[in-house]
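Below is one structure; the comments refer to it alone.
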Amino acid sequence: MNILLDTHVCLWWLDNSTALKKEIKDVISNIDNVIIVSAVVIWEIRIKQAIGKLEIPPDFFEVLTQQGFEIIPIAAEDAYKVGDLPLHHRDPFDRMLIAQAKSGGFTILTHDKEFTKYDVPILTA
C-alpha cells in the first residue's frame, strides 16, 4: 500500500508518540508499505516552527530523511487540481495532500475527520 502521511502523523511518528496506536505504527514500519511524505508536510512543519507554534530539533530534516520514507515534491498539476476540490476543508496544506493522494492513488494516513469528506482512501490514525 502507498501511504501518504498527514503532518500530525509524521510528527507523531518522529516523536514516537503514544498518540499513534500500535496498529498504525505497525503499518508505517511494515516494509511492504511505501510510506510517503510530501514536501507540503515539510513546508507546513517549518512554517509552524517559524511562527513559534512548533518546536523541532535542528536536525529535523536529517532525521526525517533517515526514516526510509519516499519524499515527493509538490507538482504543478497537483497545485492546479486543488482548485477542483470541494471546499469541505479550507486548510491549504491538507487540500494539497488530498490532491496528491488523488493523483498518486495514495491512501492518506490521518487523524483529521475532514479528510473523509473527499473521495480519497483514508487510514485513520
> Roughly how many debye, to the nearest 20, is the charge dipole of the range 6-124 about its Cα centre, given +1 on each Lys and Arg Cβ, -1 on each Asp and Glu Cβ, and no other charges?
Replying inline: 280 debye
> Using only the Cα atoms, what convex hull volume per residue in Å³ does the range 1-71 have?
Replying inline: 80 Å³
>> Using amide H atoms built in the peptide plane, which far-off residues or other-chain residues are under 5 Å from Leu109 H to H?
In response: Leu4, Leu5, Asp6, Leu123
> What distance in nm separates the simple spin-label points at Asp59 and Asp119, each placed 7 Å from Cα in the Cβ direction?
Replying inline: 4.6 nm
>> Just to be sure I understand: if I project the alpha-carbon convex hull of the range 3-125 onto a plane and average over all orientations, what area do I get in nm²?
In response: 7.5 nm²
> Taking the chain, how many lysine pairs are there with alpha carbons less than 29 Å apart, if each pair must be eight or more places apart or span two chains?
Replying inline: 27
> Around Val34, which amide H atoms from residues at least 5 apart in sequence, or from another chain, sit under 5 Å from its own amide H, with H modelled in the peptide plane?
Replying inline: Asn2, Ile3
> When the helix-only estimate is applied to the chain (DSSP H runs of n ≥ 4, each -39,500 (n - 2.57), divided by the residue count), what is the mean residue ellipticity at 222 nm, nearest 500 deg cm²/dmol?
Replying inline: -12000 deg cm²/dmol
> Among residues other than Asp112 whose Cβ falls under 9 Å from its Cβ, what is the net charge (Lys/Arg +1, Asp/Glu -1)?
Replying inline: -3
> How would you rank Thr110, Thr124, going from fewest to most other Cβ atoms within 10 Å of each one's own Cβ?
Replying inline: Thr124, Thr110
> Using the count of nearby Cβ atoms within 10 Å as a rough guide to exposure, how do Leu14, Leu123, Leu109, Leu97 rank from fewest to most?
Replying inline: Leu14, Leu123, Leu109, Leu97
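Every number here is computed from the coordinates shown, using simple stated rules; none is lab data. The model shown is predicted, which means the values in this text are computed figures rather than measured ones. Glycine gets a Cβ as well: all are built from the backbone with ideal geometry, and neighbour counts include every protein chain shown.
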